[in-house]
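Report on one structure; see the data block that follows.
The values are calculated or read from the model by the stated rules, or taken from the named source; none is laboratory data. As the structure is a computational prediction, the values presented were derived from the model and not from experiment. With ideal geometry, Cβ positions are generated from the backbone for all residues, glycine too; neighbour counts draw on all protein chains shown.
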Amino acid sequence: MVPLESTRTTPTLPDATAMGVLTLRAGDLPALVAYYQQALGLTELASDADGVLLGRGGTGLVRITDGKGLRLPSRSDAGLFHTALLFDTRTDLADTVAAALRRSEGRYVGAQDHAVSQAFYFQDPENNGIELYWDRPRDQWRWQQHTVHMTVDPLDGRAFLDEHQQHDDPRTADPATVGHVHLQVGDVAAAHDFYVGALGFEATARLGESALFVSAGGYHHHMAMNVWNSAGAGPRRDTLGLGRVDITVPSDADVAALRDRLDAAGIRSTVEDHALVTADPWRNEIRVVAA
């Protein structure tokens, strides 16, 4: 990991910033909704003519909208790398992972220990990436100045399930949250300029010119951007997959401050009903909402 600068001159997002609902555009809306319900134990919280909001315990996590007629993105396009759902306990994680492994519609990718967390990876039926993970306590995270120590060590998934799984129904697990969202972009330096320089996240780790991790409030990362498949990618066309990334800040004043920062940086945005909507250099839509 590349050590990061310990100071910055631009304002940052509030410490209480968190990720909100992740919107996906589906080619087969009913099938994708069914997968997230059956594999991940999400329940329908609301629906309208445009799509379905899914979540746990009343907390919205994923909104799936109808993208019928749109094409699938290519592997090298900018867009979603994965949505990461964070669980409070390893039992909640294990129960959900076991359910996802039983579904043949998606694909299991693997498991890794990241030092700050333990994670399992899947692809949904329309090839959207999913990470299911549990964080180690913050006092176990290792920081060098402003860089967090994260690894990609192997995790024995079978041993993890044998030790921690307690239920066959993932709906018994406590509510999850969207812990972070990981994007594919065309250039890491440009991603740093937008997400750190303009939006106001703090950089927490960087893998040379291949990946950037950013957060607010000392979290290991709320968002990440990489070029592992998408180096040089230009602005996205309308495709299936990522629809919008929601970020939650505490107040309308925080939304207004962000609008001023984006205006100063020459980045277009709109504000309506306690929310600011903008787009990164690859036309990934970002909405920042006052809690």
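Of all residues being within 21 Å of the chain's Cα centre (by Cα) and assigned to a loop (DSSP other than H, G, I, E, B) in the range 135-145, which is nearest to R90 (Cα to Cα)? Just the residue, please. Show your work before the answer.
The first filter runs over the range 135-145 and keeps only residues within 21 Å of the chain's Cα centre (by Cα), leaving 135-138, 141.
Filter once more, so that each one left must be assigned to a loop (DSSP other than H, G, I, E, B): 136-137, 141.
Numbers: R136: 10, P137: 12, W141: 17 Å.
Across the range 135-145, the extreme among qualifying residues is R136.
Looking at the range 21-49, which of its residues are part of a strand (DSSP E or B), of a type in the set (V, I, T) and more than 17 Å from the chain's Cα centre (by Cα)?
Across the range 21-49, the qualifying residue is only T43.
Any chance you could count how many residues in the range 23-39 are in contact with a strand residue (DSSP E or B) (Cβ under 7 Å, 6 or more places away or on another chain), aliphatic (A, V, I, L, M) and either under 16 Å from A99 (Cβ atoms) or crowded, with 23+ Cβ neighbours inside 10 Å (or both)?
Count: 4.
Starting from residues that are without any contact (Cβ under 8 Å) to a residue 40 or more places away in the chain and in contact with a Ser or Thr (Cβ under 8 Å, 6 or more places away or on another chain), keep the ones in the range 115-139 and report whichever is nearest to D246 (Cα to Cα).
Among those residues, the one meeting the criterion is R136.
Go through L212, L183 for me and flag whichever is closer than 16 Å to G79 by Cα, in contact with a Gly (Cβ under 8 Å, 6 or more places away or on another chain) and surrounded by 18 or more Cβ atoms within 10 Å (Cβ to Cβ).
So the residue among L212, L183 that is closer than 16 Å to G79 by Cα, in contact with a Gly (Cβ under 8 Å, 6 or more places away or on another chain) and surrounded by 18 or more Cβ atoms within 10 Å (Cβ to Cβ) is L183.
Only one residue in R107, R56 is touching a residue at least 60 places away in the same chain (Cβ under 8 Å), charged (D, E, K, R) and in contact with a Pro (Cβ under 9 Å, 6 or more places away or on another chain), so which one is that?
R56
Answer yes or no: is there a residue in the range 93-109 that is in a strand (DSSP E or B), of a type outside the set (V, I, T) and more than 12 Å from A173 (Cβ to Cβ).
Checked the range 93-109: at least one residue is in a strand (DSSP E or B), of a type outside the set (V, I, T) and more than 12 Å from A173 (Cβ to Cβ).
Out of all the residues in the range 249-266, which are surrounded by fewer than 18 Cβ atoms within 10 Å (Cβ to Cβ) and among the hydrophobic types (A, V, I, L, M, F, W, C)?
A253, A256, A257, A264, A265
When you scan the range 78-92, how many residues do you find that are crowded, with 22+ Cβ neighbours inside 10 Å and in a loop (DSSP other than H, G, I, E, B)?
Residues meeting the conditions: 1.
Kindly indicate whether any position in the range 62-73 is crowded, with 16+ Cβ neighbours inside 10 Å, farther than 22 Å from A224 by Cβ, under 18 Å from the mean Cα position of the chain (by Cα) and touching a residue at least 40 places away in the same chain (Cβ under 8 Å).
The answer is yes; a qualifying residue exists.
Go through the range 93-105 residue by residue and tally those that are more than 25 Å from R136 (Cβ to Cβ) and either surrounded by 21 or more Cβ atoms within 10 Å (Cβ to Cβ) or charged (D, E, K, R) (or both).
So the answer is 3.
Among the residues of the range 37-93, which ones are touching a His at 6+ places or on another chain (Cβ under 9 Å) and closer than 24 Å to A211 by Cα?
L80, F81, H82, T83, A84, L86
May I ask you to list the residues in the range 1-20 that are at pLDDT 95 or above, assigned to a loop (DSSP other than H, G, I, E, B) and of a type in the set (A, V, I, L, M, F, W, C)?
L13, A16
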